[in-house]
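The values are calculated or read from the model by the stated rules, or taken from the named source; none is laboratory data. Given the structure is predicted, the values throughout are model-derived calculations rather than measurements. Methodologically, a virtual Cβ is constructed for each residue, glycine included, from the backbone with ideal geometry; neighbour enumeration extends over all protein chains shown.
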Amino acid sequence: MALIVQKYGGTSVADPERMRNVARHIAASKAEGNQLVIVVSAMGKATDNLMDLARQVSSAPPGRELDMLLTTGERISMSLLCMALQDLGVEAMSFTGSQVGIITDTVHGRAKILEIRGDRVREALRDGKVAVVAGFQGVSTEKEITTLGRGGSDTTAVALAAALKADVCEIYTDVTGVFTADPRLVSQARKLKHLEFDEMLEMAGAGSKVLALRSVEFARNHNVPIHVRSSFTWEQGTWVTSEERKGEKNMEDPIISGVVHDAGDAKITVLGVPDQPGVSAALFEPLANANVNVDMIVQNTSTAGTTDISFTLPKTDVAIAQPIVEKIAKQVGASGVTNDSNIAKISLVGAGMKSSPGIAAKMFRVLADNKVNIEMISTSTIRISVVVAAPMLETAVRALHTAFDLDSGEEYSAPLPERK
Ligand code: ADP
Ligand code: ASP
Ligand code: MG
């Protein structure tokens, strides 16, 4: 008997029929003798629709009320799924994040999980029930309802799996696993059988939506094996585990495990910044205090005692960051601030990069040959990222996928349901 946490994303529970399909799969897993904890996302576009509603009544919805609103999406899913399960004769009980004791910090909209108590889930399991938990939410140390950031149900699932010492965390979604690129963009993308945590961490950090970054951090820190798979075909998907579990390096392991794209960032540039100690600290400290997620930073070499500083950040953070940056720019005597939302970030990720020189050079050559101009570059030991103009995104991703021998030779054939 295994203890399994299964997470179902929005498309997997988008309508009553899909919900009943999911319930049937859970019933079958239960019949195999497993103990099951289910984490659900809001149905289909529910979270986006709630967000739209909030914007229709307020130009700046307060974080507390927005979280109160958004968490209702997952409550609808959890209760409906329990009804569907009980209809199949499976005893099941739904719980909100707060009932499960998912304790977070106080940052509305992107709270971090501090602790999971989990008593009610353990009780339900002891009683032979399936525990169904609302994803994406918790309760803060100040007793307020919080959300964990977009895609946060993955984090709920992996964190619960860690707290309950589950054997595996299964992430059911609308593609059949983790691929060498988003199959929606690259139909020749290849399914990866196995990835190690560090590779998945870099892919998630580079903006691949298939797993939320924090869920991978939890998985690595607590050594929770993740199995990303499809709730449409139910076939074997992709395992994300520690390097040891992955086993000996295979001679045929590709150097590059994937090309990741992210169209969700914008770029802010501070022009004519005096080149002196303390300026970067003056700029980035207040952004950090405002919880703005700064990603790449590039500073030009100084000419005539001034320099330009550019950085990327989520588009959704520009409204918070822009006034802060303008204020600091004035204080430090910079000449101006510009912003550009029409950018895309493209990253190559692969553990094999550590021992293979020349990957960056090849990446830049492929982009040059395809007339893609590089605006920014950043690297880690197993990732190279570039920022390009948004309209070049598809050309660049496909060219890199082909140039690094990732094309599978066949078209992606599982259904690709329309989404948010
Ligand atoms: P869910 O609603 O189930 O959480 P997400 O939208 O968060 O689903 O994640 C699944 C989506 O991730 C897929 O539909 C796919 O378009 C996208 N995706 C991006 N990069 C990849 C990749 N490398 N492999 C698989 N899917 C990817
Ligand atoms: N419903 C939330 C979202 O759309 C959380 C999730 O789906 O993981 O971001
Ligand atoms: Mg998701």
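Observations on the structure shown:
- Residues in region 146-166 that are within 13 Å of ligand 1 (Cβ to nearest atom) and either at pLDDT below 95 or crowded, with 22+ Cβ neighbours inside 10 Å (or both): L148, G152, S153, D154, T155, T156, A157, V158.
Residue by residue, here is whether (1) touching a His at 6+ places or on another chain (Cβ under 8 Å); (2) modelled with pLDDT under 90 holds:
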{"residue": "F232", "(1), (2)": "no, no"}
{"residue": "W239", "(1), (2)": "yes, no"}
{"residue": "G247", "(1), (2)": "no, yes"}
{"residue": "P254", "(1), (2)": "no, yes"}
{"residue": "H261", "(1), (2)": "no, no"}
{"residue": "I268", "(1), (2)": "no, no"}
{"residue": "N293", "(1), (2)": "no, no"}
{"residue": "S310", "(1), (2)": "no, no"}
{"residue": "P314", "(1), (2)": "no, no"}
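- Between M68, M83, M43, M93, the distinction of being within 23 Å of the chain's Cα centre (by Cα), modelled with pLDDT of 95 or more, more than 16 Å from ligand 3 (Cβ to nearest atom) and farther than 18 Å from W234 by Cβ belongs to M68 only.
- Hits in region 195-241 (condition: touching a Cys at 6+ places or on another chain (Cβ under 8 Å) and surrounded by fewer than 20 Cβ atoms within 10 Å (Cβ to Cβ)): P225, H227
- The residue of region 33-56 that is farthest from S12 (Cα to Cα), among those that are within 16 Å of ligand 1 (Cβ to nearest atom) and among the small types (G, A, S), is A46.
- Residue match in region 298-313 (condition: part of a helix (DSSP H, G or I) and either in contact with a helix residue (DSSP H, G or I) (Cβ under 9 Å, 6 or more places away or on another chain) or within 16 Å of ligand 2 (Cβ to nearest atom) (or both)): no
- Residue match in region 366-389 (condition: assigned to a helix (DSSP H, G or I), over 22 Å from the mean Cα position of the chain (by Cα), of a type in the set (K, R) and surrounded by fewer than 15 Cβ atoms within 10 Å (Cβ to Cβ)): no
- Residue in region 216-225 that is of a type in the set (D, E, K, R), closer than 20 Å to K112 by Cβ and under 17 Å from the mean Cα position of the chain (by Cα) present: yes
- Of the helices (runs of 4 or more DSSP H) entirely within region 28-116, none holds at least 3 residues that are without any contact (Cβ under 8 Å) to a residue 12 or more places away in the chain, touching a Lys or Arg at 6+ places or on another chain (Cβ under 9 Å) and over 23 Å from S215 (Cα atoms).
- Test for S341: is it touching a residue at least 60 places away in the same chain (Cβ under 8 Å), over 23 Å from the mean Cα position of the chain (by Cα) and exposed (fewer than 14 other Cβ atoms within 10 Å of the Cβ): no
- Condition met for S59 (more than 16 Å from ligand 1 (Cβ to nearest atom) and either of a type outside the set (S, T, Y) or modelled with pLDDT of 95 or more (or both)): no
- Among the candidates P357, P277, P323, residue that is in a helix (DSSP H, G or I) and surrounded by fewer than 16 Cβ atoms within 10 Å (Cβ to Cβ): P323
- Residues located in region 7-25, provided they are within 16 Å of ligand 1 (Cβ to nearest atom) and in a helix (DSSP H, G or I): G10, T11, S12, V13, R18, M19, N21, V22, H25
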